Amino acid sequence: MPVFLTIVLDGVGIGAQPDADRYGDEDSHTLGHVCAVAHPHLPHLANMGLGNIAPLAGVVAVTAPLGSYGKMQEVSAGKDSTTGHWELAGIKLMSPFPTFPDGFPDELIKPFLAATGYDEVLGNCAASGTAIIDEFGPAHEASGQPIVYTSADSVFQIAAHKDVIALDELYRICDIARDQICVGPFGVGRVIARPFVGTAGAYQRVSAERKDYSMLPPAPPLQSVLQEHGVLTISIGKVADLFGAIGFDVSYKTKSNAEGIQRTLQILAEADPDVPTFVWVNLVDFDQEYGHRNNPDGFARALEAFDAALPTLCAALPDNDSVLFITADHGNDPTTPGTDHSREYVPALCYQAGSEGVDLGLMATFADHAATVAAYFQAPYVGPGKSFKDKVAGL
């Protein structure tokens, strides 16, 4: 039985959408600017058709790409990972998740303190996760009070040193924040537990023990539809977290792109030929390590590392009917001012061994992905989006 493998390159947008000015992102072009500034060598992505989607410095447009190529437009309100992945799963958000660029109001913080039993929170501002623990870590160790912060995303993050607030306690107060506090007008997309270790000046976040508490989707996502149709669904990286684990039979958390790629190769090698399987991977380093930190050189090197792994991923697909689909969830242009996500088109590259690549053009919604995957598995799908299955011979 076939495998459909979707890999989300987190934050790897391919040019500002027509409505980008509403988000302050009219000058954003993540791939375009990274290629122009840091000159990544991406021969395998080029052969797949990446340079055929949009002009990219150093990425040639090939005459006979190995994959089908195009780009998708986001129609949901927002530009965060939850919104992007939900639309990829066929769920359109009409209103954006709330954000708190000036920190959280007393109307949220006071009930949080009352419900969790703490006296105060430290921080309560929009900040980088590494900077916030450097700044407030010593006070946290001295007082025992949690560090609360947000970002440009719709997130309520709680950081705690494992020797000060034990992991189980950190998870407990995050549970309370998700279920009791971050609701209604404060209904952020994610509450995130951010444990860290070490000493002042040398704190380190423990990414493997990070835990995301997502707002639950308002309708069954793609993976739930596939489950009902007898398809094995597997999450690698943070995908399952973005859906509150809904719809996934198996979930593997990862700490890096490299680990995510290795886990994917393992899953493909162990795929049961009698079980139709959907594997959904998020590779987060582009966004988390480089986009938010305005590091185009690091971003470029991460693209090169993925490019180098691409032939192995293609060869690992279990049979000629299996499909690899590469896309993104939003942009995160590391060359523009600020550290926010950007409202961009996302690339769409679809590879199937032996199939001739075709131009998929501009797809009107990320949900075309959901419609296509459902059609591939002949699963009933009634959500938004239009399948491009009939455009690709053999798909």
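Between Ala375 and Val250, the C-beta separation translates, for a Förster distance of 25 Å, into a calculated FRET efficiency of about 0.60. Coupling constants for the stretch 223-232 follow from the phi torsions by the Karplus curve (6.51 cos²θ - 1.76 cosθ + 1.60, θ = phi - 60°), and in residue order they are 5, 5, 4, 5, 4, 4, 9, x, 8, 6 Hz; glycine and proline get x. When the Gaussian network model of the chain links Cα atoms closer than 10 Å, the mean-square fluctuations of Gly90, Gly354, Gly260 top out at Gly354.
Each residue, Ala353 and Val197, gets one label point 7 Å from its Cα in the Cβ direction; the gap between the two is 4.1 nm. Simple point charges give the picture: +1 on the Cβ of Lys and Arg, -1 on the Cβ of Asp and Glu, and for the chain a dipole about the Cα centre of about 320 debye.
For Lys92, the lysines whose Cα falls under 20 Å of its own Cα, not counting residues fewer than eight places away in the same chain, are Lys71, Lys79, Lys238, Lys386. Between Gln262 and Ala308, the contour length at 0.36 nm per residue exceeds the alpha carbon distance by 15.3 nm. Hey, what did the stretch 342-395 get for relative contact order, percent, Cα under 8 Å, at least 6 apart? Relative contact order for the stretch 342-395 comes out at 36 percent. Working from Cα pairs under 8 Å separated by at least six residues, relative contact order for the chain is 30 percent.
Placing +1 on the Cβ of every Lys and Arg and -1 on the Cβ of every Asp and Glu, with no other charges, gives the stretch 301-353 a dipole of roughly 60 debye about its Cα centre. Backbone geometry of the stretch 197-202 corresponds, through the Karplus equation with coefficients 6.51, -1.76 and 1.60 at θ = phi - 60°, to 3J(HN,Hα) couplings of 9, x, 10, 3, x, 9 Hz, x marking Gly and Pro. The calculated FRET efficiency for the pair Met94 and Arg22, based on their C-beta separation and a Förster distance of 22 Å, comes to about 0.90.
Please work out whether the stretch 1-62 counts as rounded, prolate or oblate from its C-alpha gyration tensor, where a ≥ b ≥ c are the square roots of the eigenvalues and a/c under 1.5 means rounded, while otherwise a/b larger than b/c means prolate and anything else oblate? Provide the component values of the computation, followed by the final result.
Values: a/c = 2.29, a/b = 1.29, b/c = 1.77.
Oblate is the answer for the stretch 1-62, as a/c is 1.5 or above yet b/c matches or exceeds a/b.
Summarised in one figure, the compactness ratio Rg/Rh of the stretch 324-371, Cα atoms and Kirkwood Rh, is 1.07.
Taking only alpha carbon atoms, the stretch 131-212 gives an Rg to Rh ratio of 0.96, where Rh is the Kirkwood radius. Look at the dipole of the chain built from charges on Cβ: of Leu317, Ile192, Gly144, the Cα furthest out on the positive end belongs to Leu317.
Under 5 Å between amide hydrogens, built in the peptide plane, is the criterion, and for Tyr252 it picks out Ser235, Ile236, Gly237 among residues at least 5 positions away or on other chains. Three principal axis extents describe the C-alpha atoms of the chain; from largest down they are 62, 46, 37 Å. By the helix-only formula, in which each DSSP H run with n ≥ 4 contributes -39500 (n - 2.57) and the sum is divided by residues, the chain has a 222 nm mean residue ellipticity of -8500 deg cm²/dmol.
Taking every protein chain into account, the accessible area of the stretch 340-379 amounts to 27 square angstrom per residue (probe 1.4 Å). Separation of the stretch 1-76 from the stretch 154-224 is 31 Å, based on Cα centroids.
Give me the percent relative contact order of the stretch 1-122, please, defined on Cα pairs under 8 angstrom at least 6 residues apart.
Value for the stretch 1-122: 13 percent.
Measuring r between the beta carbons of Asp390 and Asp319 and using R0 = 30 Å, the FRET efficiency lands at 0.90. With θ taken as phi - 60° and the Karplus curve 6.51 cos²θ - 1.76 cosθ + 1.60 applied, the whole-hertz 3J(HN,Hα) list for the stretch 255-266 is 9, 7, 4, 4, 5, x, 5, 5, 5, 4, 4, 5 Hz, x standing for glycine and proline. Per-residue SASA remark: Met94, around 140 Å² accessible (1.4 Å probe; ligands, DNA and RNA not included).
Scanning the chain for trypsin sites (Lys or Arg not before Pro) that sit in a DSSP loop and have at most 16 other Cβ atoms within 10 Å, the longest stretch containing none of them is 1-161. For helix 129-143, what angle does its Cα long axis make with the longest principal axis of the chain, in degrees from 0 to 90 and rounded to 10? So the helix axis and the longest Cα principal axis differ by about 30 degrees. Summing Cβ point charges (Lys, Arg +1; Asp, Glu -1) relative to the Cα centre of the stretch 1-149 gives a dipole of roughly 780 debye. Entry comment: accessible area of the stretch 234-318 is 37 Å² per residue, from protein heavy atoms only and a probe of 1.4 Å.
Using 0.36 nm per residue of separation minus the Cα-Cα distance, give me the extension gain between Asp102 and Asp274 in nm, one decimal.
On the way: separation 172, 0.36 × 172 = 61.92 nm, distance 5.26 nm.
The span from Asp102 to Asp274 would gain 56.7 nm if fully extended.
Leaving out ligands, DNA and RNA, and with a 1.4 Å probe, what % of the accessible surface on the chain is carbon or sulfur?
Roughly 52 percent of what the probe reaches on the chain is carbon or sulfur.
The values are calculated or read from the model by the stated rules, or taken from the named source; none is laboratory data. Remember, it's a predicted structure, so these values are computed and weren't measured experimentally. Backbone-built Cβ (ideal geometry, glycine too); neighbour counts: all protein chains shown. The protein model used for the area step is the full one, side chains on, heavy atoms only, and it has no ligands, DNA or RNA in it. Shrake-Rupley method; radii C 1.70, N 1.55, O 1.52, S 1.80 Å.
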